[in-house]
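To start, the structure itself, in structure tokens.
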Amino acid sequence: MAKRLIPLLNRVLVEKIVPPSKTHAGILLPEKATKLNSGKVVAVGAGIRDKEGNTIPVSVKEGDTVLLPEFGGTQVKLGDKEYHLFRDEDILGTLHDL
């Protein structure tokens, strides 16, 4: 049975990107060189409400590549895939190709 998780409020569901452990030529990379806490946004919540009741939207959208903190987030397992649930304000930034 397939499941889809839709985050509530200002939560963001992220699938972490696993960096390659070796180059195309077959050279093994040390663990420190491959450590970049980034992930792909899978789903976002609707946003959080302010005191007046207005919705403040989440600052990222589905498909964005984001920079994540080293610690934090809630680990969620759906089927055989592993995801992490973060608050919008915990995400450090978005990554873009030049």
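The values are calculated or read from the model by the stated rules, or taken from the named source; none is laboratory data. Note that the coordinates shown come from a computational prediction; the quantities given were computed from them, not determined experimentally. Don't worry about glycine lacking a Cβ; one is built from the backbone with ideal geometry, like all the others, and counts go over all protein chains shown. Note: accessible area is taken over every heavy atom of the protein model, side chains too, but ligands, DNA and RNA are not part of it. Shrake-Rupley method; radii C 1.70, N 1.55, O 1.52, S 1.80 Å.
Quick one: if you stick a label point 7 Å off each Cα along the C-beta vector at Thr65 and Glu52, how many nm between them?
Roughly 3.8 nm, to one decimal.
Need one value: the accessible area of His84 in square angstrom, 1.4 angstrom probe, rounded to the nearest 10.
Near enough 30 Å² of accessible area.
Note down the nm distance, to one decimal, between modelled labels 7 Å out along Cα→Cβ at Val76 and at Ile17.
2.1 nm
Given a 1.4 Å probe and the protein chains all in place, what does the accessible area of Thr74 round to, in Å² to the nearest 10?
80 Å²
I'd like the GluC sites (Glu not before Pro) in segment 55-93 restricted to DSSP loop residues with at most 10 other Cβ atoms within 10 Å, sorted by number.
For GluC sites (Glu not before Pro) across segment 55-93 that sit outside H, G, I, E and B with at most 10 neighbouring Cβ atoms in 10 Å, the list reads Glu70.
Debye calculation, C-alpha points only, no solvent: report log10 I(q)/I(0) for segment 57-98 at q = 0.16 Å⁻¹, in the same order as the q values.
One equal scatterer on each Cα of segment 57-98 leads to -0.48.
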